[in-house]
1. If each DSSP helix of 4+ residues adds -39,500 (n - 2.57) and the sum is divided by the residues in the chain, what number results at 222 nm, nearest 500 deg cm²/dmol?
2. Can you compute the charge dipole magnitude of the stretch 8-161 about its Cα centre, using +1 on each Lys and Arg Cβ and -1 on each Asp and Glu Cβ, nothing else charged? Give it in debye, rounded to the nearest 20.
3. How far is helix 110-125 tilted, in degrees, relative to the longest principal axis of the Cα atoms in the chain, given as a value from 0 to 90 rounded to the nearest 10?
4. Residue farthest toward the positive end of the dipole of the chain, with Cβ of Lys/Arg at +1 and Asp/Glu at -1: which of T142, L206, S178?
5. Within the stretch 45-84, what whole-number % of the accessible surface is contributed by carbon and sulfur, with the 1.4 Å probe and all protein chains included in the calculation?
6. Nearest 10 degrees is fine. How inclined is helix 133-154 to the longest principal axis of the chain, computing both from alpha carbons?
7. Could you compute the net charge surrounding A160? Neighbours are other residues with a C-beta less than 13 Å from the C-beta of A160; K and R count +1, D and E count -1.
8. Please determine, in degrees from 0 to 90 and to the nearest 10, the orientation of helix 2-33 with respect to the longest principal axis defined by the Cα atoms of the chain, where the helix direction is its Cα long axis.
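The values are calculated or read from the model by the stated rules, or taken from the named source; none is laboratory data. The model shown is predicted, which means the values in this text are computed figures rather than measured ones. Heads up, the Cβs are rebuilt from the backbone with ideal geometry, glycines too, and the neighbour counts pull from every protein chain shown. Please note that ligands, DNA and RNA were not included when accessible areas were found on the heavy atoms of the full protein model with its side chains. Shrake-Rupley method; radii C 1.70, N 1.55, O 1.52, S 1.80 Å.
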Amino acid sequence: MALLVQTAQEEDRVATDRRRAILEGAARVIARRGVRGLRMDELATEAGVSTALIYYHFKDRASVLRHTLEFISDRADRYTHASDEDGPGGPHDALQELEQSLLLEFQNLPEVRENSIAWGELRASAIFEPELRGDLARATLTWIHDVADLLSCVRPSTPAPALTAAAERLTGLLEGLSTRWLSGALPLDHARRIVKEAVSIEVERLSS
């Protein structure tokens, strides 16, 4: 019995590793060639698996795109969230955490650039691929709620609708700045300065 359990656990681990390899490969291909350039045969080569295995784990190309969107959203959460050991100790610390969370979206690191490019591609493709819209809206709403929660730590007495509105403005700004940065139209340092200025403006606005 124990052997059967161990075997099942090993099979689950292998399946999880293969799914992750496929999604990592999809993120790389999308970042390199765009959503329209994502072909299952190229993805199979990139991920080191067979095309049949991709369709075993994911129903179709649309399913690959939806799960890739979720994958890169989760990966962004990991590199933009501060350590739980350094939780906010007051409004000043909360402001630093808010700034840091947003600024970590602008790093000249391969993983961050790949993630940002793939996210931007999937967001733009939702205009032409309606099946992506629901997942994109949910992922964006989760991000907005996270930013609103950080803003609430800085300005605890602010009503929730005002916090959400500020978070939406900051999110829209980040998406626009990310596109300009990744396309080479905006230097990284300048983008980061604009983010910090925008955070200061929104926080000041919430205090009035």
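1. Values: 9 runs with 161 residues, N = 208.
After summing the helix terms and dividing by residue count, I get -26000 deg cm²/dmol.
2. Values: 19 positive and 27 negative charges, 159 e Å.
Taking the Cα centre of the stretch 8-161 as origin, the dipole is about 760 debye.
3. Approximately 90 degrees, to the nearest ten.
4. Of the listed residues, the answer is S178.
5. Working: 1020 of 2100 Å².
That share works out to 49 percent.
6. It is inclined by approximately 40 degrees.
7. Working: positive: R155; negative: D149, E168.
My count for the surroundings of A160 gives -1.
8. That helix lies at roughly 60 degrees to the long axis.
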